[in-house]
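K.L.:
Okay, here's the structure, questions in a sec.
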Amino acid sequence: MQQQDIYIGFPPLPDKQAIVEALLNDPPEVRWRMVRRLFQIRDIGDREELIQILQPHLKAADNWRLRYRLHLGLQALHRPLNIHDYRLVKGKGASRLSNSEYMEEESSLPLNPPFFPIVDFHIHPKTPDLKFFVDMHEAGVTHGVILATDTDPEDVERPDVREQIKTAFDRSHSSVRMSFDSLLRHIQKSLYSPTHVTNQDVADWVKDYPDILTGFGSVDLCKDRTYVRQKLDEIERLKLKGLKFLPHSQFFNPAENENMPMVFEYCEQTSAIILSHSGCGPGSFEIIELSHNSHPCLWEPWLKKYPQVPLVLAHAGAYSTEIPGIWLFDALQLGKTYSNVYIDLAAVDWLLDREMVIQEIRKTIGFDRVLFATDYPLPLSAGVSWACVVKRIQANRNLTAKEKHKILGRNAARLLGL
């Protein structure tokens, strides 16, 4: 099969049979590897033939992991990218075709003084490589942290997890508006969406773009110690630099979880960084009672015991559609007490438009531990480009030039050792 000319440095596309075999038989931890290649197919006839071959397998698939991978593959074949003025170079990212000679000699990502480098600390790699790197290029982002998400619908079938959810749900106002069974169905559906990313997937992306991307793995801490140990070993083997946690949807209380000493000891030994969701979660987890495990203060016992392990509180404890900024001030006070606490601005960059918040950050955590982050591709769903989020911070009148420089890149570069 022919590859589109705009993909430079990638190996030749495999034949159709090899593509089908990979989509059907690759292990579950490999979700995106072949799907990413499908966007490179040049000929519409090849796409249509693959669709015809794969469609019956999707209908027959009784394993939900396989079904979702086939769904991703068919989506890629049905929706080819219409980006004509860029090319994608393996290891370098995207560059405009009109400026290709310059880009061959220089980094494909432009310097943008005085805001270079720009590091996005919170990215979910759920878009095709070309789209991802074009958006990154246009935003002037020079480096990104991409995250795995280890959540499992089967957790909801466990009696202890189900009881945990029910107890929290019964305390909420939502319990009078919807049934518990309906809630469980919504939660279960969200825990392994077609776009979730595995540790192996993250490692694959980083291998293709090692100078542009840093990878964080994920571990479902409500599992038993054997599972957690295996995942930590996997993350170390894949050379991922951090751990991403979602306490609300991995159903663990950070202050009480029995696997936590193992996690922090691993981080001490490997210099790994912890990034944990804080604030409410999306979807069903907008119900505040269901997101209590993601309260930032639940990390305090471990911050005190392991002061050398950095903890990044994603969303600054502030994410909530019902109560925007919900636990922001708790997160800032935690950061004031413990110097290993950072916050990222994923999905809550609007906080920097509030002068009161700016002043509180200066009084508590300070701007040396605030990290630019977008939760990409989330802004796209609201019609907001990656570039727009960067420009808003660059134009912010509440921040000094030095504070902007720290937020946009210097802090993350220091923390990641770039």
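K.L.:
All but one of (1) surrounded by fewer than 16 Cβ atoms within 10 Å (Cβ to Cβ); (2) over 28 Å from G217 (Cα atoms); (3) touching a residue at least 24 places away in the same chain (Cβ under 8 Å) hold for R87, so report the exception by its number.
P.N.:
Every listed condition holds for R87 apart from (1).
K.L.:
Return the residues of segment 317-348 that are within 22 Å of the chain's Cα centre (by Cα), closer than 14 Å to D368 by Cα and of a type outside the set (D, E, K, R); say none if nothing qualifies.
P.N.:
Answer for segment 317-348, where residues must be within 22 Å of the chain's Cα centre (by Cα), closer than 14 Å to D368 by Cα and of a type outside the set (D, E, K, R): N340, V341, Y342, I343, L345.
K.L.:
Now a separate question. Inspect segment 189-212 for any residue being closer than 21 Å to W64 by Cα, assigned by TED's automatic domain parsing to the domain that holds A387 and without any contact (Cβ under 8 Å) to a residue 40 or more places away in the chain and give the result as yes or no.
P.N.:
Yes - at least one qualifying residue is present in segment 189-212.
K.L.:
Shifting gears a bit: Out of I361, I323, report the one residue that is under 19 Å from C297 (Cα atoms), surrounded by fewer than 17 Cβ atoms within 10 Å (Cβ to Cβ) and among the hydrophobic types (A, V, I, L, M, F, W, C).
P.N.:
It is I323.
K.L.:
Does segment 155-185 hold any residues that are among the hydrophobic types (A, V, I, L, M, F, W, C) and in a helix (DSSP H, G or I), and which are they?
P.N.:
Answer for segment 155-185, where residues must be among the hydrophobic types (A, V, I, L, M, F, W, C) and in a helix (DSSP H, G or I): V156, V161, I165, A168, F169, V176, F180, L183, L184.
K.L.:
Hey, can you tell me all the residues within segment 14-44 that are closer than 28 Å to Y192 by Cβ, of a type outside the set (V, I, T) and part of a loop (DSSP other than H, G, I, E, B)?
P.N.:
P14, D26, P27, P28, E29, R31, W32, F39, Q40
K.L.:
If you don't mind, there's one more thing I want to ask. Does R31 satisfy the condition of being surrounded by 19 or more Cβ atoms within 10 Å (Cβ to Cβ) and modelled with pLDDT of 95 or more?
P.N.:
In short, no.
Residue by residue, here is whether (1) without any contact (Cβ under 8 Å) to a residue 60 or more places away in the chain; (2) under 29 Å from I212 (Cβ atoms); (3) polar (S, T, N, Q); (4) assigned by TED's automatic domain parsing to the domain that holds A139 holds:
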{"site": "D15", "(1), (2), (3), (4)": "yes, no, no, no"}
{"site": "A18", "(1), (2), (3), (4)": "yes, yes, no, no"}
{"site": "L23", "(1), (2), (3), (4)": "yes, yes, no, no"}
{"site": "R42", "(1), (2), (3), (4)": "yes, yes, no, no"}
{"site": "R67", "(1), (2), (3), (4)": "yes, no, no, no"}
{"site": "H71", "(1), (2), (3), (4)": "no, yes, no, no"}
{"site": "G91", "(1), (2), (3), (4)": "no, yes, no, no"}
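K.L.:
Need at least 2 residues that are under 17 Å from the mean Cα position of the chain (by Cα) and of a type outside the set (F, W, Y) per element, so show me which helices (runs of 4 or more DSSP H) inside segment 187-299 make the cut, counting only ones lying wholly within it.
P.N.:
Result: 199-208.
K.L.:
Residues that are under 20 Å from K131 (Cβ atoms) and among the hydroxyl-bearing types (S, T, Y): does segment 346-365 have at least one?
P.N.:
no
K.L.:
Within segment 188-206, can you find the residues that are in contact with a helix residue (DSSP H, G or I) (Cβ under 7 Å, 6 or more places away or on another chain) and more than 18 Å from L23 (Cα to Cα)?
P.N.:
Q188, S190, L191, listed by residue number.
K.L.:
Considering only segment 321-355, state which residues are basic (K, R) and part of a loop (DSSP other than H, G, I, E, B).
P.N.:
Answer for segment 321-355, where residues must be basic (K, R) and part of a loop (DSSP other than H, G, I, E, B): just R354.
K.L.:
How many of the residues making up segment 356-387 are over 18 Å from H277 (Cβ atoms), assigned to a helix (DSSP H, G or I) and at pLDDT 95 or above?
P.N.:
Qualifying residue count, segment 356-387: 12.
K.L.:
Is at least one residue of segment 403-416 among the small types (G, A, S), outside any helix (DSSP H, G or I) and in the same structural domain as I212 (by TED's automatic domain parsing)?
P.N.:
no
K.L.:
Give the residues of segment 235-256 that are among the acidic types (D, E) and either under 18 Å from E300 (Cα atoms) or crowded, with 18+ Cβ neighbours inside 10 Å (or both), sorted by residue number.
P.N.:
E256 - this is the single residue of segment 235-256 that is among the acidic types (D, E) and either under 18 Å from E300 (Cα atoms) or crowded, with 18+ Cβ neighbours inside 10 Å (or both).
K.L.:
On to the next question. Pick out the one residue from V312, V390, V341, V384 that is without any contact (Cβ under 8 Å) to a residue 60 or more places away in the chain, in the same structural domain as Y266 (by TED's automatic domain parsing), among the aliphatic types (A, V, I, L, M) and surrounded by 17 or more Cβ atoms within 10 Å (Cβ to Cβ).
P.N.:
So the residue among V312, V390, V341, V384 that is without any contact (Cβ under 8 Å) to a residue 60 or more places away in the chain, in the same structural domain as Y266 (by TED's automatic domain parsing), among the aliphatic types (A, V, I, L, M) and surrounded by 17 or more Cβ atoms within 10 Å (Cβ to Cβ) is V341.
K.L.:
Among the candidates I123, I53, single out the residue that is out of contact with any Cys (no Cβ under 6 Å at 6 or more places or on another chain), at pLDDT 95 or above and more than 28 Å from P282 (Cα to Cα).
P.N.:
When all the criteria are applied, what remains is I53.
K.L.:
Something else: Before we move on, is L351 in the same structural domain as S276 (by TED's automatic domain parsing), surrounded by 15 or more Cβ atoms within 10 Å (Cβ to Cβ) and within 18 Å of the chain's Cα centre (by Cα)?
P.N.:
No.
K.L.:
Of the numbered conditions (1) surrounded by fewer than 21 Cβ atoms within 10 Å (Cβ to Cβ); (2) modelled with pLDDT of 95 or more, V219 satisfies every one except a single condition; which is it?
P.N.:
(1)
K.L.:
Right, another one. Considering only residues that are touching a strand residue (DSSP E or B) at 6+ places or on another chain (Cβ under 8 Å) and of a type in the set (D, E), which ones fall in segment 212-246?
P.N.:
Across segment 212-246, the qualifying residue is only E234.
The values are calculated or read from the model by the stated rules, or taken from the named source; none is laboratory data. Because the structure is predicted, anything quoted here is derived from the model rather than measured. Glycine gets a Cβ as well: all are built from the backbone with ideal geometry, and neighbour counts include every protein chain shown.
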